[in-house]
1. Cα centroid distance between the stretch 51-107 and the stretch 158-186, in Å?
2. Taking +1 at the Cβ of each Lys and Arg and -1 at the Cβ of each Asp and Glu, which of Pro107, Tyr316, Ala63 sits farthest along the dipole of the chain towards its positive end, judged by Cα position relative to the Cα centre?
3. Only four residue types carry charge here, +1 at the Cβ of Lys and Arg and -1 at the Cβ of Asp and Glu. Report the dipole size of the stretch 208-342 about the Cα centre in Debye, rounded to the nearest 20.
4. Quick test of the membrane-span-like rule: which DSSP H helices of the chain reach at least 15 Å along their long axis (C-alpha atoms) with mean Kyte hydropathy at least -1.0?
5. So with the 1.4 Å probe, I'd like the accessible area per residue for the stretch 144-232, rounded to whole Å².
6. If you average 1/r across every pair of different Cα atoms in the stretch 141-254 and take the reciprocal, what Kirkwood value do you get, in Å?
7. Specify the residue with the greatest mean-square fluctuation among Leu184, Leu299, Leu78, computed from a Gaussian network of the chain linking alpha-carbon atoms under 10 Å apart.
8. Using +1 at the C-beta of Lys and Arg and -1 at the C-beta of Asp and Glu, which of Ile245, Thr277, Thr180 has the Cα lying farthest in the positive direction of the dipole of the chain?
Amino acid sequence: MKTSLFDFDLPESLIATEPASPRDAARLLIISDVLQDSFIRDLPQFLKAGDVVVFNDTRVIPARLLGKRGDAKVEILLHKCRQGQTWQCFAKPAKRLKIGDEIIFAPDFKAQVIEKLASGEVLLKFSEDNFYTKLELYGHMPLPPYIHRGDNKTDIANYQTVYARHAGSVAAPTAGLHFTQKLLDAIDAMGVTRAHVTLHVGGGTFLPVKAEDTDDHVMHSEYATISPETADAINRARVSGGRVIAVGTTSLRTLESATDKNGVLKDFCGETDIFITPGYKFKIVDMLLTNFHLPRSTLFMLVSAFAGLERMNNAYAHAITNRYRFYSYGDACLLYRRDQSTG
């Protein structure tokens, strides 16, 4: 499909630079056969006893590093852990870096360039054994590039879900940022099951699709896991007639990657590069809670596959007219799968 089909104009004034407070005060657009304006705190109204809500429990690391190569400033965004303390990274300026260069982030925190990749990224090997301790000391929260400000102390908590457990993401699974413990308790009280998967979000989530046709786009891969216990809980809910509601595109991609052709979810541990565009046949997810995404992004393509491109174009036009807040710190929408009803 032509990438231009997934383009739209968004006023910059609608890009959220701070989250709603409290988290569940964010607005929620219900997208089904009709559009309905609501709030995140009202999400339980759209759930039923027996449903299972699936969250991505990855934890964001302070992946943005500011260092020097000699006297020159270098900015690094960790993208993906390759092995041990070797990381695939985005770098500014990447072209000036050479193999063997040392980048100093602090007197006790350094890295060496060991490879330059065809993608424009670099491989860095960090020398310290206590890597994550140093990262917490010297790293910055990796706010998306469309938030035109530096990170601050509030972002340490705001850019992290309340249920984050497993460190490894360099971007937040943003749909989950809306949940408070009070909202989670309300979901539990309804007889709705909560389940967790883990997908470590890579920096490639912010990259636009540059290819003119979606068939020519190479999807980045990300590490994901689903425990046997989680797979069993979700499968049992489905057999009993419960719906599967994915919180975020990362949860959806993880579930769809590990579901067989019969709709049975398997436990999973490995890389996924699943790229979902219109025409994809969803195997397990019935509803999707997600934020509003960038034009020409793989994520807007995914939601268009889930709910229908025409429906999503209409929904985004409604959101823009009614001044919903967009992107990572913005509002959310609840999508019913195109072949599902709201009944």
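1. First find each Cα centre; the distance between them is then 22 Å.
2. Farthest along the dipole direction, towards plus: Pro107.
3. Working: 15 positive and 16 negative charges, 109 e Å.
In total the dipole reaches around 520 debye.
4. On the way: long enough: 228-239 (16 Å, -0.64); 309-321 (18 Å, -0.35).
For the chain, where a helix must reach 15 Å along its axis and average at least -1.0, the hits are 228-239, 309-321.
5. Each residue of the stretch 144-232 exposes 45 Å² on average to a 1.4 Å probe.
6. 16.4
7. Result for the chain, Cα springs under 10 Å: Leu184 fluctuates most.
8. Thr180
The values are calculated or read from the model by the stated rules, or taken from the named source; none is laboratory data. These figures come from a predicted structure and were not determined experimentally. Virtual Cβ from ideal backbone geometry, glycine too; neighbours counted across all protein chains shown. The protein model used for the area step is the full one, side chains on, heavy atoms only, and it has no ligands, DNA or RNA in it. Shrake-Rupley method; radii C 1.70, N 1.55, O 1.52, S 1.80 Å.
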